[in-house]
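**Q** Handing you this structure, nothing more for now.
Any read-out appearing in this document is the output of simple, stated calculations on the displayed coordinates, not a laboratory observation. This structure is a prediction, so every number in the text was calculated from the model and none was measured. Reconstructed Cβ throughout: ideal geometry from the backbone, glycine too, with neighbour counts over all protein chains shown.
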Amino acid sequence: RLPIAHYYDQAPQFVDYILFQYTKEKWTFNLFSQGDRRDPKKDPYSVVHAATIDASPIEGIYYDDTSRVDVDFDGQSEYVITIMDIRDRLDPPKASPVTIMYFDRSMKLQKRTEYDSEVAQFPNNPTTQMQWMKLGKRKVPSWLGWGKDPNKTWGLRELWENPDKDEEGEIRFYYLDGEDKLQTVGEYEEYKIVDTLAPRMADTLAGQVPVLMAKPRGKENAQSYIIDFAIANVIDGEIKDFKKLDFFEKGLNYRNLLDTRVDSVFSTDISEDLYAGTFWFGPGNLKETRISALIRSNTSLLDFDIAALRGEVDAALWARYAYFGKTGLSAFVLTNTEIQFHDLTRNQATWTSLNRYTFYPDYFTSNSNVPFLVRDRFRKSYLPSLFTTEGSG
């Protein structure tokens with residue numbers, strides 16, 4: 001088993017492993033750790049604790065994910081293991097249920113949650129789609145996703161017109177409350193949550209989820225392309241620290257962030273958090289890709305258009321990863337035949353050939369390129385780096 005995938009506690013520099021053993025009847029989890037002192041010389045890695053529990057029924061294929069997080073704010077981290085039964089490829093497709101298990105440092109099971117995903121699908125990829133939100137004295141799973149209203153009440157006329165209770169889904173911010181019931185966070189001053197933002201470590205430890213919110217300027221009978229945006233934090237199931245964004249009133253070309261793809265901006269400053277902000281990318285002008293980055297430290301928006309480097313060939317198609325530091329914003333960009341690195345602030349670029357022509361489907365792109373931060377020996381900073389497959393650059 002690979003190392004624990006996510007570290008949401010006060011000591012992310014210490015790596016633990018979970019060793020899995022699966023049968024149809026039982027799941028066994030072995031904690032492979034250095035012990036409590038975290039001294040590699042005095043505490044070599046070993047299996048320090050283990051747990052065996054009853055397995056949930058699996059109809060499709062399973063997907064597991066691991067996290068280390070201080071769920072109850074007591075200064076001691078818990079190990080959270082989620083196992084999803086992926087049923088969307090069955091005939092007919094079904095919602096994919098998930099089992100969420102909470103273990104203490106001795107691998108004693110503290111809590112087990114079975115969520116059926118019928119109203120809203122639990123994230124298939126918790127790495128980028130799930131965050132831990134404070135709710136009272138604990139942290140609970142939260143995510144932005146497509147689904148129905150879990151608290152909808154049906155009137156008599158609605159039931160007469162719609163006896164099957166068919167309901168169209170929409171983007172909502174969901175979380176599981178203290179009783180493991182699905183809840184949502186509603187509008188705030190007519191703004192709806194449309195995206196989650198890359199969290200700082202302080203956000204993660206406090207259990208507050210930074211979000212992007214949007215409100216169309218038009219009305220139902222007078223639609224408008226222009227949308228106003230705001231940022232806020234979600235904590236205890238409520239909107240806090242609401243702040244409207246006024247970038248486009250200061251001379252920037254308007255940017256509809258809803259019609260784009262989104263990812264995190266990595267920080268190249270050693271003294272800063274892992275993430276410097278969030279960026280959105282998508283088609284701009286003809287044969288160009290537009291990148292817009294929201295930098296959290298000063299709430300600024302950096303906006304760039306990336307054109308083809310050599311005239312009309314190899315236009316930028318996909319911004320894979322973005323980085324921000326004292327020298328500005330940079331990004332790795334994919335074309336049909338190249339991997340390109342763009343220093344957007346200084347308007348410089350370099351590239352290497354993929355040695356092939358490819359259309360780069362979404363899923364393949366996401367899994368064949370991995371971001372790295374390599375420490376610069378001569379400066380107190382990281383170097384933007386990208387791991388890719390052999391022969392691809």
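**Q** If you take the beta carbon distance between Y63 and Y17 as r and set R0 to 22 Å, what does 1/(1 + (r/R0)^6) give as a FRET efficiency, to the nearest 0.05?
**A** So, using R0 = 22 Å, E works out to roughly 0.75.
**Q** Tell me what the chain gives for mean residue ellipticity at 222 nm when only DSSP H runs of n ≥ 4 count, each as -39,500 (n - 2.57), the sum divided by the residue total, rounded to 500 deg cm²/dmol.
**A** -1500 deg cm²/dmol, from helical runs alone.
**Q** Who wins for biggest fluctuation among T184, T352, T268 in a Gaussian network model of the chain, springs between alpha carbons below 10 Å?
**A** Answer for the Gaussian network model of the chain: T352.
**Q** Another one. Would you work out which of V71, A50, F103 lies farthest towards the positive end of the dipole of segment 1-118? Charges go on Cβ: Lys and Arg +1, Asp and Glu -1.
**A** A50
**Q** For each of D177, D303, D74, count neighbouring Cβ atoms within 10 Å of the residue's Cβ, then give the residues from fewest to most.
**A** D74, D177, D303
**Q** Taking the Cα-to-Cβ direction at R89 and at M201 and moving 7 Å from each Cα, how far apart do the two end points lie in nm?
**A** Spacing of the two 7 Å Cα→Cβ label points: 3.8 nm.
**Q** Here is a follow-up. Report for the chain the percent antiparallel among DSSP-assigned beta bridges with both residues inside it, nearest 5.
**A** Close to 95 percent.
**Q** Something else about it: Show log10 I(q)/I(0) for the chain at q = 0.09, 0.10, 0.12, 0.13 Å⁻¹, two decimals, from a solvent-free Debye sum over equal Cα scatterers.
**A** At q = 0.09, 0.10, 0.12, 0.13 Å⁻¹ the computed log10 ratios are -0.63, -0.79, -1.13, -1.30.
**Q** Please compute the length gained on full extension between D246 and T299, using 0.36 nm multiplied by the number of residues separating them and subtracting their Cα-Cα distance.
**A** 18.0 nm
**Q** Please work out the FRET efficiency for the pair K181 and T358, using the Cβ-Cβ distance as r and a Förster radius of 51 Å; give the result to the nearest 0.05.
**A** Using R0 = 51 Å, I get an efficiency of 0.65.
**Q** Arrange the following residues from fewest to most other Cβ atoms within 10 Å of their Cβ: W132, W351.
**A** Arranged by neighbour count, lowest to highest, W132, W351 become W351, W132.
**Q** With no solvent and one point per C-alpha, what does the Debye sum give as log10 I(q)/I(0) for segment 59-104 at q = 0.27 Å⁻¹?
**A** After summing over all Cα pairs, the log10 values are -0.87.
**Q** Using R₀ = 35 Å, calculate the FRET efficiency as 1/(1 + (r/R₀)^6) where r is the Cβ-Cβ separation of D72 and T327; round to 0.05.
**A** 0.30
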